[in-house]
1. Return the subset of A:K87/B:K67; A:K155/B:K67; A:K127/B:K95; A:K155/B:K60; A:K161/B:K121; A:K79/B:K135 for which the Cα-Cα distance in this structure is over 31 Å, preserving the input order.
2. Modelled label-to-label distance, A:N56 and B:E58, 7 Å Cα→beta-carbon offset: nm?
3. Which net charge results for the neighbourhood of A:D48, defined as the other residues with beta-carbon distances under 9 angstrom from its beta-carbon, given Lys and Arg at +1 and Asp and Glu at -1?
4. Using a 10 Å cut-off on Cβ to Cβ distances, tally the other chain neighbours for every residue of A:110-118 and report the average as a whole number.
5. Between A:D93 and A:F194, how many nm apart are label points set 7 Å from Cα along the C-beta direction?
6. Less than 10 Å Cβ to Cβ from A:G85, Lys/Arg counted +1 and Asp/Glu -1: what total charge do the surrounding residues give?
7. In terms of modelled amide H atoms, which long-range or inter-chain residues lie less than 5 Å from the amide H of A:G123?
8. Under 5 Å between amide H atoms, partner at least 5 residues away or on a different chain: which partners does A:G129 have, H built in plane at 1.01 Å?
Amino acid sequence: MPPQFRPSNVARANIESYFPALSNVNWIIKSPYDVDYQCIAWAACRTDRKWWPTDNTTFEVYWPFDDPIVDESISGFTKAFSLLGYKSCDRRDFEIGYQKVAIYALNNGQVTHMARQHFCGRGWLSKPGELEDILHRDLESIEGDPAATWNGYGKVAQILKRSWLAALFNRCLLRCLWHAFKFFWYRLAQKVGFV
Amino acid sequence: MSTYCEPIRPTDWHEQEEDSWYEINTFEIRTEIRLQQALSVALAEVATEPSVVDASLEAKFAEHAEKWQVETAHISSPTQKMMHPSYQAILGMGKAVVPLLLRDLQRHRRSWFGALSYITKENPISRSDAGKMDKMIEAWVTWGRKAGLL
């Protein structure tokens with residue numbers, strides 16, 4: 001099913017209703033509305049399927065680790081992303097030569113969301129559930145109540161980083177460029193009236 | 001002292017009796033007819049009841065599904081999504097909701113995979129298609145058709 005293009009003002013109002021702090025900062029929409037992938041997949045530079053730890057009883061989601069236990073903890077996500085070349089890191093600011101991802105979690109340690117740092121350090125890329133990809137300047141603008149159960153992201157709990165070389169080997173840059181290129185053409189086609 | 005006396009004609013008594021018997025039976029027949037009519041009306045109501053239940057179930061499902069989608073659109077975690085009260089309410093509807101879940105999956109592409117597996121105890125999605133929406137929907141729709149639910 002093709003991605004859905006919502007009018008910019010509708011999409012912005014909708015996204016800001018979930019993350020009120022975004023209304024105070026600059027942020028931009030980077031993709032159409034798409035239910036085919038979500039934040040973890042996008043943090044791993046993938047747009048073809050949803051990623052989440054699973055015990056393989058439903059195959060509702062994909063997880064690179066074949067783990068019989070659903071490990072939704074920060075260590076579980078850190079372990080999985082180590083397969084993509086990421087290591088734990090203390091700094092969340094942009095460092096030349098490194099790509100970073102941030103893990104959001106609730107007070108009980110349950111991971112809720114991941115954001116990936118823009119390749120050139122322009123901010124953080126997030127794919128909130130099935131909504132549009134967004135580029136937000138800081139990690140705090142989409143944080144929520146860490147004591148929430150189902151309706152918030154909690155706080156940033158862990159930063160991971162990998163070298164640009166690892167990102168290149170993982171074809172992350174290529175995939176992101178292709179994704180941006182598709183979005184550009186979709187937008188253009190929409191303006192011209194083809195879509 | 002009254003003494004029993006024979007009717008003047010043997011038929012007098014019987015005629016009288018026959019009249020009253022007829023009246024009583026007519027009354028009984030009428031009552032029976034009324035009862036039968038009432039029963040048939042009641043049966044007709046009972047017969048239409050399942051569709052009424054289905055309609056209300058469908059309406060309840062649609063309401064919960066819409067609420068769930070709106071309130072969890074920004075959530076990526078299947079665990080968090082399943083913890084939403086509307087999702088729990090849908091799980092509580094039991095097997096009757098399976099055709100509605102399958103239809104909704106086809107029409108709106110909402111992620112009901114967890115609920116479907118939980119209710120039916122089935123998993124038609126192959127490992128290689130894990131997380132791929134189109135393939136997962138196709139697998140459940142095929143399963144639904146085979147099970148006669150679609």
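1. Cα-Cα > 31 Å for A:K87/B:K67; A:K127/B:K95; A:K155/B:K60; A:K161/B:K121; rest within.
2. 4.0
3. Value of the local net charge: +2.
4. 2
5. 4.4
6. Once all neighbours under 10 Å are counted, the net charge is +3.
7. A:H118
8. When sequence neighbours closer than 5 places are left aside, the close amide H contacts are A:C39, B:S76.
Rule-based calculations on the coordinates, nothing more; no lab input. Worth saying up front: this structure is predicted, and the values here are computed from it rather than measured. Methodologically, a virtual Cβ is constructed for each residue, glycine included, from the backbone with ideal geometry; neighbour enumeration extends over all protein chains shown.
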